[in-house]
Amino acid sequence: MSSPTEPAGTSEPVGAAGAGVRPARRRGRGAKLGWAILLTLALIVAAVVAVLTVGSLVPGLGLLSAIANLLAATLSPQFALAGLVIAAIGVIAWRRGLRRSGGTAAVLGAASLVANVVVVAVIVGAVSDHGGSVNLAKATFGLSSISAPAPDEVRTYDRTQDGEELTLDIFTPATRGDDPASDLAPAVLYVHGGGWSQGSGTTTAADHRALADAGYVVVSVNYELSTESNPTWDKAPAQVSCAAAWLSEHATELGVDMNRLAYWGDSAGGNLALNAAYSAAQGTALSSCGGTVPVPAAVVTDYPAADVRASAASTVSLGPLNGAGLSQQYIGGTAQEFPERYDAVSTATYLSPQAPPTLIIEPTRDTLVPTRSVLDFAERARAAGVDVEVAEIPLSWHIYTQIAADSIGNQAHLSIGMNYLREQLG
């Protein structure tokens, strides 16, 4: 029944309109809450990206700079993309009335975008200057595991004093025929890093597969790793030399052209590769299994621990990456306790004009194996008559090449290194 003051039939439409307003208001509050949550997440991501970006651009910030420069050559493209998305979210939120938080997100996102584009441009420009190249689409959307591919073959080359097998992980070009001996290929003897105490021949298996796909037979050495009770300063070098001698003896079987052999090593493996190559050139290389240690036509190294005293003096500690601890474990003590051991493993001991041409790919912000110590070694090697080239990669820290396959840093060292191999090996 209608009230006396209302026309008949008007009460139900008014009630329906009221019922429609309440869901609309609830939807509006829900949308606003959703945007608030999205903005909060965007601001958190923006803050993390901003801190890491500042750390990558500003040197001398201790652990922050180490972490940021470790990640810069891998994640800067993704950080730039994140900045673009965050800026877009901020602009949309600002237009929806969330002025303060939306504006903050827009500014942080835009700043992250610009700063990380600068980081990418600086690194890629340096790579290009050194004859390398970077596919930015791969670096942004195509990252994959650095250790995923399996070797084509595993061979035993020696045993430790305790009888443990020492093996070689072998990667071969896919295009080779059934008779490798009739189609000899250039080869890379690869020595992995890991502070002489960690890692394996497949730590950077993606790199080995890339080299094999480019036509190289890659022989990656597993050597005896040091422990607190087993320093290997006098074992690992002889085992690497043994692996090289083994390769020389089995070259025809593997289809390797020994006139086009290169050694390649990173970090501690760079130290071992340099020492094996340079001592072989001197005729002083000691092999744990005898044989003749071949002198390679070239050596490529990434951030090599050429000056072990400098690495042992490093105060940086980033998880398992501890320069002083790893060096002292490898040697069995400090430089003050065992100066002759440090001399025996330092690459300067083996410098001579007979040493093979060498490329050092060096990050400019390395504090674990200090960049200055590597550049000083390069100058000393040149003074001794060694043909040394240095490719400096800016805004990068130790193992920047190994976070992911196809990152900017990973493509940088592979493309520069392969270009050098083509020049030296033909």
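Looking at A245, is it over 20 Å from the mean Cα position of the chain (by Cα), in a strand (DSSP E or B), at pLDDT 95 or above and in the same structural domain as A298 (by TED's automatic domain parsing)? Spelling it out, it is not the case that A245 is over 20 Å from the mean Cα position of the chain (by Cα), in a strand (DSSP E or B), at pLDDT 95 or above and in the same structural domain as A298 (by TED's automatic domain parsing). Restrict the check to region 353-370 and report whether at least one residue is in contact (Cβ under 8 Å) with a residue 12 or more places away in the chain, surrounded by fewer than 17 Cβ atoms within 10 Å (Cβ to Cβ) and more than 27 Å from V119 (Cβ to Cβ). Yes - at least one qualifying residue is present in region 353-370. Under the condition of being over 15 Å from the mean Cα position of the chain (by Cα) and either of a type outside the set (D, E, K, R) or in a loop (DSSP other than H, G, I, E, B) (or both), the residues counted in region 202-223 number 12.
Per-residue answers, yes or no, for (1) of a type in the set (A, V, I, L, M, F, W, C); (2) touching a Ser or Thr at 6+ places or on another chain (Cβ under 9 Å); (3) more than 16 Å from Q198 (Cβ to Cβ):
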site: N271; (1), (2), (3): no, yes, no
site: A276; (1), (2), (3): yes, yes, yes
site: Q282; (1), (2), (3): no, yes, yes
site: S288; (1), (2), (3): no, yes, yes
site: V293; (1), (2), (3): yes, yes, yes
site: Y303; (1), (2), (3): no, yes, no
site: A324; (1), (2), (3): yes, yes, no
site: S327; (1), (2), (3): no, yes, no
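Scanning region 182-201 for residues that are in a loop (DSSP other than H, G, I, E, B) and in contact with a Phe, Trp or Tyr (Cβ under 9 Å, 6 or more places away or on another chain) turns up H192, G193, G195, W196, S197, G201.
Of everything listed in (1) in a loop (DSSP other than H, G, I, E, B); (2) under 18 Å from D343 (Cβ atoms), the single unmet condition for S279 is (1).
Number of residues in region 248-275 that are surrounded by fewer than 19 Cβ atoms within 10 Å (Cβ to Cβ) and either assigned to a strand (DSSP E or B) or not assigned by TED's automatic domain parsing to the domain that holds V308 (or both): the value is 3. Does L33 satisfy the criteria of being within 28 Å of the chain's Cα centre (by Cα), surrounded by fewer than 13 Cβ atoms within 10 Å (Cβ to Cβ), modelled with pLDDT under 95 and outside the structural domain of L321 (by TED's automatic domain parsing)? Here the answer is no, as L33 does not meet what is asked. Residue-level check: of (1) touching a Ser or Thr at 6+ places or on another chain (Cβ under 8 Å); (2) part of a strand (DSSP E or B), A150 misses just (2). So, G97, is that one loosely packed, with under 14 Cβ neighbours inside 10 Å and either at pLDDT 95 or above or not in a helix (DSSP H, G or I) (or both) or not? Considered against the rule, which asks whether it is loosely packed, with under 14 Cβ neighbours inside 10 Å and either at pLDDT 95 or above or not in a helix (DSSP H, G or I) (or both), G97 comes out as yes.
Count of region 58-87 residues, restricted to those that are within 12 Å of W397 (Cα to Cα) and part of a helix (DSSP H, G or I), is 12.
Only one entry in A285, A306 is under 20 Å from the mean Cα position of the chain (by Cα), farther than 20 Å from V218 by Cα and in a loop (DSSP other than H, G, I, E, B), namely A306.
Which members of region 320-335 meet the condition of being crowded, with 21+ Cβ neighbours inside 10 Å, over 15 Å from T227 (Cβ atoms) and in contact with a helix residue (DSSP H, G or I) (Cβ under 7 Å, 6 or more places away or on another chain)? It would help to see each step written out before you state the result.
To start, the set of residues in region 320-335 that are crowded, with 21+ Cβ neighbours inside 10 Å comprises 321, 323, 326-331.
Restricting the remaining residues to those that are over 15 Å from T227 (Cβ atoms) gives 321, 323.
G323 - this is the single residue of region 320-335 that is crowded, with 21+ Cβ neighbours inside 10 Å, over 15 Å from T227 (Cβ atoms) and in contact with a helix residue (DSSP H, G or I) (Cβ under 7 Å, 6 or more places away or on another chain).
Restricting region 161-189 to residues that are touching a helix residue (DSSP H, G or I) at 6+ places or on another chain (Cβ under 8 Å) and of a type outside the set (A, V, I, L, M) leaves a set whose member that is surrounded by the most Cβ atoms within 10 Å (Cβ to Cβ) is F171.
Which one of P304, P294 is closer than 19 Å to I361 by Cα, touching a residue at least 40 places away in the same chain (Cβ under 8 Å) and buried (at least 16 other Cβ atoms within 10 Å of the Cβ)? Let's see the steps before the verdict.
On the way: P294 fails: closer than 19 Å to I361 by Cα.
After applying the criteria, what remains is P304.
Using the structure shown, decide if G109 is outside the structural domain of V390 (by TED's automatic domain parsing), at pLDDT 95 or above and under 20 Å from A68 (Cα atoms). So G109 passes the test.
The values are calculated or read from the model by the stated rules, or taken from the named source; none is laboratory data. In this text the structure is predicted, and so the values were computed from the model without any measurement. Using ideal geometry, Cβ is built from the backbone for each residue, glycine included, and neighbour counts are taken over all protein chains shown.
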